[in-house]
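Input: a single structure, listed below in C-alpha cells.
Just so you know, all these numbers are worked out from the coordinates, no wet-lab data involved. Quantities reported herein were computed from a predicted structural model and do not represent experimental measurements. When we count neighbours, we look across all protein chains shown, and the Cβ atoms used for this are built from the backbone with ideal geometry, even at glycine.
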Amino acid sequence: MARSRRRVCIIVNPISGRGQAHRRVRRVEERLLDAGCEVECLTTDEAGHAEALARSAVSHGTDTVLVCGGDGTVNEAVQGLVGTSTALAVMPLGTANVLGHELGLSRAPRRVTALVLHGRRRKLDLGRCAGRYFICMASVGFDAFVTRQMADVRTGAINYLSYVAPVWRAFWSYAFEPLHVRVDGAALDVPVYHLVIGNTRSYGGPFTMTPWARPDDGRLDAVVFGGAGRSWLGLYMSATTVQAHHRFANVRYLRGRRFEVEASREVAVQLDGDFRTHTPAAFECVDDAITVLVNR
C-alpha cells in the first residue's frame, strides 16, 4: 500500500518578519507542494489563535506544524503540541527568536523547507508554570515586570526599540521585593530579588543567562540575583550583555526539577518573553514533552 502524503500545517503570524511573513512563507509552501506534501497554510488573527490552530492540526493527523513567527507564536503552538507525535518546526521571524538561536534555525525559505522535509526529530523537555508550558525560559522580577508593561501598551509588531521606553520606565519605577525560593523542596538561604529560569541557553538578543542549560537533560537551570536597587540592576544589565553576571558574589547558578517562588506581595512572572501571571508560582520540568525538528 502506498504511503500517504506527509501532512504539514503552516501557522503564520502575519505581523512577524517586518510584514514579510507571507512572502517568505509562500515560497516555503510552494517548495513543500512540489515535494509532494499536503500543505495547509493558516494565519493567526488574535492572541491565543496559534494554540487553537495547532490543536486542530493534531486532531487532523498532521505530521508537522511549521510555525512562522516569533517566540510568542511558538509558545502558543507549543501548548497545542505537548504530548503528541506531531513535530514542531520553526521559521524564526520574530524579534528575539530565542528558540531559533538555540537550535540554529534559519528563516531562509530553502533551509526551512529542508528542515521540514529532512530535519531530525528531537524530543525536548518543557517547563511548566500555572498550567502553561514554556520551551525556552521564564523569570520572576524586573524583566517580567517589563513584559507586563509591554502587554499594556503593545498594539502590533515589536522590535528591540519597542522595549526602550518600557525598560526605562520600569528601571525607575520597579519595587524590589524579596523572593523566597525553594529548589526541589530545599529553601535557598541567600537573598533573591530576581530569578531567571532557563530550559535553553539563549534568553534573547545578546543575553545568555543560563549558558549550561540543555533542553533535554531532565532539569531546569536558574540564575538568582541577590542585589536590590537600581545600582545593582544597572550592573546586572550591563554584565549580562557580556555574560559576566556569574562573576558577582551575590549571583548563584542553580539546577533543579522544581522551583517554587513566593513573595509578600505579587511579583510579575513571564514565560517565553510574555507576561503570564504573578507569584506565588512554581516552575517544573516536564521530560520529553514535545518533538521538535532540528537540522541534521
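Suppose the Debye formula is applied to equal point scatterers at every Cα of the stretch 7-118; what is log10 I(q)/I(0) at q = 0.15, 0.17, 0.20, 0.22 Å⁻¹?
Listed by q, the Debye log ratios stand at -0.54, -0.70, -1.01, -1.25.
So in the chain, what percent of DSSP beta bridges are antiparallel if you round to the nearest 5?
In the chain, approximately 70 percent of DSSP beta bridges are antiparallel ones.
How large is ³J(HN,Hα), in whole Hz, for each residue of the stretch 264-279 in order, when computed from phi with the Karplus curve 6.51 cos²θ - 1.76 cosθ + 1.60 and θ = phi - 60°, using x for Gly and Pro?
Going residue by residue, I get 6, 9, 5, 10, 5, 10, 10, 10, 6, x, 10, 4, 10, 7, 10, 5 Hz, with x marking Gly and Pro.
Kindly provide the Kirkwood hydrodynamic radius of the stretch 132-286 in Å, to one decimal, from all pairs of distinct alpha carbon atoms.
This gives a value of 15.6 Å.
Short version: ³J(HN,Hα) in whole Hz for each residue of the stretch 98-114, in order, from phi by Karplus 6.51 cos²θ - 1.76 cosθ + 1.60 (θ = phi - 60°), x for Gly and Pro, what are they?
Calculated HN-Hα couplings, in order: 4, 5, x, 5, 5, 9, x, 8, 10, 9, 5, x, 4, 6, 5, 4, 4 Hz.
Go through Cys68, Thr86, Ala57 and say which Cα lies farthest out towards the positive end of the charge dipole of the stretch 40-91; charges sit on Cβ, +1 for Lys and Arg, -1 for Asp and Glu.
It is Thr86.
Just the Cα atoms of the chain, one point each, no solvent: what log10 I(q)/I(0) does Debye give at q = 0.09, 0.10, 0.12 Å⁻¹?
With no solvent term, the Cα-only Debye profile gives -0.43, -0.53, -0.75.
Once the other residues with Cβ under 15 Å from the Cβ of Tyr236 are scored (Lys, Arg +1; Asp, Glu -1), what is the net sum?
Values: positive: Arg230, Arg247, Arg252; negative: Asp143.
Residues near Tyr236 contribute +2 overall.
If you put +1 on each Lys and Arg Cβ and -1 on each Asp and Glu Cβ, how big is the dipole of the stretch 201-290 around its Cα centre, in Debye rounded to 20?
For the stretch 201-290, the charge dipole is close to 440 debye.
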